[in-house]
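Novice: This is the structure I want to talk about, given as structure tokens.
The values are calculated or read from the model by the stated rules, or taken from the named source; none is laboratory data. Please read these numbers as outputs of a predicted model, since none were measured by experiment. With ideal geometry, Cβ positions are generated from the backbone for all residues, glycine too; neighbour counts draw on all protein chains shown. Just the protein is used for accessible areas: all its heavy atoms, side chains included, with ligands, DNA and RNA removed. Shrake-Rupley method; radii C 1.70, N 1.55, O 1.52, S 1.80 Å.
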Amino acid sequence: METVLYLAHVQHDGTLPRVALETLTAAGEISKNLSTSFVIGLVGGDLKKAEAQVRGSGASKMFGVQGEEFSHSRYSSDILAVEALVRKANATVILVPATSRFARVLPGAAVRLNGRIDTHVSGIKVTGGKLEIQRWYYRQRLVSTFSRAVRPWFLLVDSGIFPTWEGKGASIPMEILKVDLSDSANKTEVLGFESPSSSTQTIRPDAKLLFVAGAGWTKKQGDGKTHPKEAEAIILGFLSKTQASLGSSKSLVDQSSEGEPVLGFMSHLNQVGQTGSTPRHPKGLSTCCHGEEPHVVGWRFINERRAVNLDPNCGWAQGKTDVLYVADAFQVMTKVNELLNS
Amino acid sequence: MSSGFHIVVCGSLVPDPLQTLEPIQGPQGPALKNEAMLPVILDPWAGHALYEAAHLAKNNSGSKVWLVSLGPKAKLQQLMMTIAQKAPFELVVLDGPASGFVDAFEVAQALASAIEKIPGLDKTKLLLFGGCASASRDAGVTVQMVGERLGISNQFLAVDKLEVQGDGSLKILERIEGGQYQISRCAGAPAVFAWATGNLPEPPNNPQVGMMNMRTIMPALQKAQPVQISTNDISFSNVEVPKQLRKTRVVKDVPVDQIAREIVEWIKG
Ligand SMILES: Cc1cc2nc3c(=O)[nH]c(=O)nc-3n(C[C@H](O)[C@H](O)[C@H](O)COP(=O)(O)OP(=O)(O)OC[C@H]3O[C@@H](n4cnc5c(N)ncnc54)[C@H](O)[C@@H]3O)c2cc1C
């Protein structure tokens, strides 16, 4: 029989991130389908708020690794916390929210515990008592379903797959595990956080809409000139009104290193696609972007899609969007902004 | 300040992203149709790692760069014709599959044992580099697993910037949630860096660098040992190309005002 461990860390404010609450729902469902119970393992500076958030989840036990040393996202200390929790729970299946912190440390933890790990898990089911997962290969081009024999099996679950756990009902006591850090664990020190070059926060993972700007925004237009300042104003105006998340094509963010006109608030972090991100949003609007395959693979998890492009034969026209508006994005988005203002 | 780094970059080949991929059932599990014939490129994020490694080595005298690649020897040889001109490195080849379906755990084991055997590698100076995820498996786990096997507990994932400070310590910017960076300081080598895009453009081809590299690349390819990578642990029940074509409605010759109204309604709806 499987022993399921749900492992999560708290954020700086002491709460669990949304993806952790989604993975908690997964832990409850999967344990039920495997006819087993599950154990909670938490890591962080102070676990009080998280304890309240996991109330009523149906977990049979709860363990924590807590303290100032564990408030930071750092491999050397996180691996000791994870190792202690997995050993204590004697876990065979470990469900983990896909956060940057756990994406860094869990692969090493799997090696240390002689287990196996799968990341970007986009589906989990139990068939005939056997756990099977779904994940994508070749950057969202092929999808596969499989199971593994080796345990412990670590599963990093992507966000947007399971509903968020609401934290109602009874709480269970938490046993705090003592984990000692050697001096070498302190060779790395977390200094802080920084936004990329721009002062504008444009990446909003929880936004309903992804707005993608392509290289067309900085290309010569009908009058033979480029209009980067106008493009910036239109895009920023749209973002502030809609609170959409800003994505980019590779060509647009590469331009800064190639000395071409750039949009100041764009960086490689905005890039969507093969060598960029694959965000999850209910809707996506692409503008001045050609819709080539290496870009569109990043749209795998965007449900409703629309595109504005001057070229009726652009990539989007090849069945990649629901609606393609063949029009000038400068004009369309200026008007959209006006309508949003009124 | 430092007496140089020993930078080992793990990176291999992936199919050109413009290719259409079709899954088939091979003798060892899932594979790609015509896999041996598909044009390949250097795995993009591993490529960024290699260029960052070359740059770091150039600015820190006494440094050296190795590229450790697990892949089919003949394909690696083709790839080297372009990559060898980009940056100076010494190649270490493991002749085996570069398929996305092989298990990262086994790949990491093979890479770590090859790194352990590199003659003259000083582990106290070791910076282990690689991509933050491959374009094949896209797991984002291999570099950390190699690091763990080599006993390195200072690891950084999705790195865009690595700066050597005046005191020899390293300042690192890693991508985290919401388009933010986490800034860390690491006392020094050994450490692991799984790179995102970094800050450098792809270097232009330099035939002189190519000639110099080829002197060690050809012998490395010739003496490459075959490695067995199994996927026995995994039972695939299905691999498929998802249905992806939408019925695109093309809206043409329609006034801008009407398009804008439609978009606003859709956004608000
Ligand atoms: C290994 C590899 C990895 C890659 N990874 C990525 C990736 O992660 N992400 C990515 O995006 N790309 C990636 N690419 C590049 C990709 O193939 C395309 O080159 C890129 O997406 C093109 O960007 P674009 O559409 O913005 O620019 P362009 O191809 O230059 O297209 C600009 C578009 O703007 C339109 N346009 C111009 N003016 C207007 C206007 N006024 N109104 C409306 N439309 C207008 C034009 O019609 C055109 O379609 C990768 C390529 C390779 C080889």
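Novice: In a Gaussian network model over chain B where Cα atoms closer than 10 Å are linked, find which of B:P242, B:P72, B:P30 has the largest mean-square fluctuation.
Specialist: Of the options given, B:P242 has the highest mean-square fluctuation.
Novice: Now for a different question. Write out the trypsin sites (Lys or Arg not before Pro) in region B:1-92 meeting two conditions: DSSP loop, and at most 15 other Cβ atoms within 10 Å of their Cβ. Let's see the in-between values first.
Specialist: Details: sites: B:K33, B:K58, B:K64, B:K73, B:K75, B:K86; in loops: B:K33, B:K86.
The qualifying sites are B:K33.
Novice: Roll a 1.4 Å probe over the protein chains and send me the accessible area per residue for region B:2-152 in Å².
Specialist: Working: 5280 Å² over 151 residues.
Normalised by residue count, the accessible surface of region B:2-152 is 35 Å².
Novice: Excluding residues on the same chain fewer than 8 positions from B:K86, give the lysines whose Cα lies under 25 Å from its Cα.
Specialist: A:K250, B:K58, B:K64, B:K73, B:K75, B:K125, B:K161, B:K223
Novice: Given +1 on the Cβ of Lys and Arg, -1 on the Cβ of Asp and Glu, and no further charges, what dipole in debye does region B:6-226 carry about its Cα centre, rounded to the nearest 20?
Specialist: Numbers: 17 positive and 19 negative charges, 118 e Å.
Dipole size: approximately 560 debye.
Novice: Spin-label point model (7 Å from Cα, Cβ direction): what's the A:F193 to A:N90 distance in nm?
Specialist: Using points 7 Å along Cα→Cβ, the separation is 3.9 nm.
Novice: Follow-up question, since we're still on this one. Ignoring everything except DSSP H segments at least 4 long, calculate the 222 nm mean residue ellipticity for chain B; use -39,500 (n - 2.57) per segment, divide by total residues, nearest 500.
Specialist: On the way: 6 runs with 77 residues, N = 269.
Mean residue ellipticity, 222 nm, calculated: -9000 deg cm²/dmol.
Novice: Something else about it: For B:M212 and A:K220, what does the FRET efficiency come to when R0 = 41 Å and r is the distance between their Cβ atoms, rounded to the nearest 0.05?
Specialist: Details: r = 41 Å, r/R0 = 1.00.
The computed FRET efficiency comes out at 0.50.
Novice: Please give the peptides A:235-247, A:85-97 ranked by average Cβ packing (other Cβ atoms within 10 Å per residue), highest first, as a rough proxy for protection.
Specialist: So the peptides A:235-247, A:85-97, ranked by packing, come out A:85-97, A:235-247.
Novice: Another one. Mind grabbing the interface size between A and B? I mean buried accessible area, both sides, 1.4 Å probe, in Å² to the nearest hundred. Kindly include the intermediate steps, with their values, before the conclusion.
Specialist: Numbers: alone 16650 and 15550 Å², together 24460 Å².
Looking at A and B, the buried total is near 7700 Å².
Novice: If the only charges are +1 at each Lys and Arg Cβ and -1 at each Asp and Glu Cβ, what is the size of the charge dipole of the protein assembly as shown around the Cα centre, to the nearest 20 debye?
Specialist: Working: 62 positive and 58 negative charges, 147 e Å.
In total the dipole reaches around 700 debye.
Novice: Mind checking B:143-153 for the average number of partner chain beta-carbons within 10 Å of each residue's beta-carbon? Before the final figure, lay out each step's value.
Specialist: On the way: counts 2, 12, 7, 3, 4, 9, 3, 0, 0, 3, 14.
That average works out to 5.
Novice: At a threshold of 8 angstrom on Cα-Cα distance, excluding pairs fewer than six apart, so keeping six or more, what relative contact order does region A:209-341 reach in percent?
Specialist: 25 percent.
Novice: Anyone know which of B:E22, B:E148, B:E106 comes out most mobile in the 10 Å Cα GNM of chain B?
Specialist: Residue with maximal mean-square fluctuation among B:E22, B:E148, B:E106: B:E22.
Novice: Sticking with the crude label model, points 7 Å out along Cα→Cβ, report the distance from B:F236 to B:S113 in nm, one decimal please.
Specialist: Here the modelled spin labels are 2.4 nm apart.
Novice: Applying 1/(1 + (r/R0)^6) with R0 = 22 Å to the Cβ-Cβ distance of A:K229 and A:E338, what FRET efficiency is obtained, to the nearest 0.05? Display every interim value, and only then the final one.
Specialist: Values: r = 18 Å, r/R0 = 0.84.
So, using R0 = 22 Å, E works out to roughly 0.75.
Novice: Next question. Would you check the accessible area of A:K225, probe 1.4 Å, heavy atoms only, in square angstrom rounded to 10?
Specialist: Probe radius 1.4 Å; accessible area of A:K225 about 120 Å².
Novice: For chain A, with only Lys/Arg (+1) and Asp/Glu (-1) charged at the beta-carbon, what is the dipole magnitude about the Cα centre, in debye rounded to 20? List each step's numbers first, then the result.
Specialist: Details: 38 positive and 33 negative charges, 178 e Å.
In total the dipole reaches around 860 debye.
Novice: In addition: Which residue, B:G151, B:I41, B:N205, has the largest displacement toward the positive end of the dipole of chain B when charges sit on each Cβ (Lys, Arg +1; Asp, Glu -1)?
Specialist: Farthest towards the positive pole: B:N205.
Novice: Nearest 5 is fine: what % of DSSP beta bridges in the protein assembly as shown come out antiparallel, could you say? The partial results should precede the final answer.
Specialist: Numbers: 40 of 117 bridges.
Roughly 35 percent of the DSSP beta bridges within the protein assembly as shown come out antiparallel.
Novice: If R₀ is 56 angstrom, what is the calculated FRET efficiency for the pair A:R112 and B:Q258, using the beta carbon separation as r and rounding to 0.05?
Specialist: 0.40
Novice: Give the average, rounded to an integer, of partner chain Cβ atoms located within 10 angstrom of each Cβ in A:184-193. Could the numbers behind the result be given before it?
Specialist: On the way: counts 3, 2, 1, 9, 12, 6, 6, 6, 4, 7.
If you average over the peptide's residues, the count of other-chain Cβ atoms is 6.
Novice: Here's something else I'd like to know. Arrange the residues B:Y181, A:Y6 by how much accessible surface each exposes, largest first, with a 1.4 angstrom probe.
Specialist: Values: B:Y181 25, A:Y6 0 Å².
Heavy-atom accessible area, descending, gives B:Y181, A:Y6.
Novice: Which residue, A:A26, A:A170, A:A207, tops the fluctuation ranking in a GNM of chain A built on C-alpha contacts under 10 Å?
Specialist: A:A170
Novice: Would you work out what percent of the accessible area of the protein assembly as shown, with all protein chains in place, is carbon or sulfur (probe 1.4 Å)?
Specialist: Values: 12500 of 24460 Å².
Using a 1.4 Å probe with all protein chains present, the protein assembly as shown comes out at 51 percent carbon and sulfur.
Novice: Using protein chains only and a probe of 1.4 angstrom, how many square angstrom of A:H72 are accessible, to the nearest 10?
Specialist: Approximately 50 Å² of A:H72 is accessible to the 1.4 Å probe.
Novice: Determine the percent antiparallel among the DSSP beta bridges restricted to region A:4-176, to the nearest 5.
Specialist: Antiparallel: roughly 30 percent of the beta bridges in region A:4-176.
Novice: Give the distance, in whole Å, between the Cα centre of region A:226-247 and the Cα centre of region A:114-166.
Specialist: 37
Novice: Another question, if that's okay. Rank A:L269, A:L324, B:I118 by how far each Cα sits towards the positive end of the charge dipole of the protein assembly as shown (+1 on Lys, Arg Cβ; -1 on Asp, Glu Cβ) and give me just the farthest.
Specialist: A:L324
Novice: Report for region B:6-226 the percent antiparallel among DSSP-assigned beta bridges with both residues inside it, nearest 5. Before the final figure, lay out each step's value.
Specialist: Working: 18 of 45 bridges.
Roughly 40 percent of the DSSP beta bridges within region B:6-226 come out antiparallel.
Novice: Once you place label points 7 Å from the Cα toward the Cβ at B:L200 and A:D180, how far apart are they in nm?
Specialist: Taking the simple label geometry, B:L200 and A:D180 are separated by 4.3 nm.
Novice: Right, here's the next one. In the full protein assembly as shown, how much of A:E292 is accessible to a 1.4 Å probe, in Å² to the nearest 10?
Specialist: Ignoring ligands and nucleic acids, A:E292 comes out at about 100 Å².
Novice: Just order A:335-341, B:9-15 by mean Cβ neighbour count inside 10 Å, highest at the front, would you? Intermediate results must be reported in sequence, preceding the final value.
Specialist: Numbers: A:335-341: 17.4, B:9-15: 27.6.
Most protected by this proxy first, the peptides run B:9-15, A:335-341.
Novice: Which whole number gives the average, over all residues in B:37-49, of C-beta atoms from other chains lying within 10 Å of the residue C-beta?
Specialist: That average works out to 1.
Novice: Still on this structure, please answer the following. Past 21 Å, Cα to Cα: identify those pairs from A:K241/B:K247; A:K48/A:K187; A:K208/A:K241; A:K241/A:K283; A:K219/A:K283, in the order given. All intermediate terms of the calculation are to be shown ahead of the outcome.
Specialist: Numbers: A:K241/B:K247 30 Å; A:K48/A:K187 28 Å; A:K208/A:K241 13 Å; A:K241/A:K283 16 Å; A:K219/A:K283 26 Å.
Violating the 21 Å limit, Cα to Cα: A:K241/B:K247; A:K48/A:K187; A:K219/A:K283.
Novice: Additional query: Before I look further, what does chain A give for accessible area per residue, probe 1.4 Å, in whole square angstrom? Numbers along the way, then the final one.
Specialist: Numbers: 12850 Å² over 342 residues.
On a per-residue basis, chain A sits at 38 Å².
Novice: With point charges of +1 on the Cβ of Lys and Arg and -1 on the Cβ of Asp and Glu, referenced to the Cα centre of the protein assembly as shown, which listed residue (A:G160, A:L339, B:M218) lies farthest in the positive direction of the dipole?
Specialist: A:G160
Novice: Do the sum for chain A: with -39,500 (n - 2.57) for every DSSP H run of n ≥ 4, divided by all residues, what is the mean residue ellipticity at 222 nm, to the nearest 500 deg cm²/dmol? Intermediate results must be reported in sequence, preceding the final value.
Specialist: On the way: 8 runs with 87 residues, N = 342.
Mean residue ellipticity, 222 nm, calculated: -7500 deg cm²/dmol.
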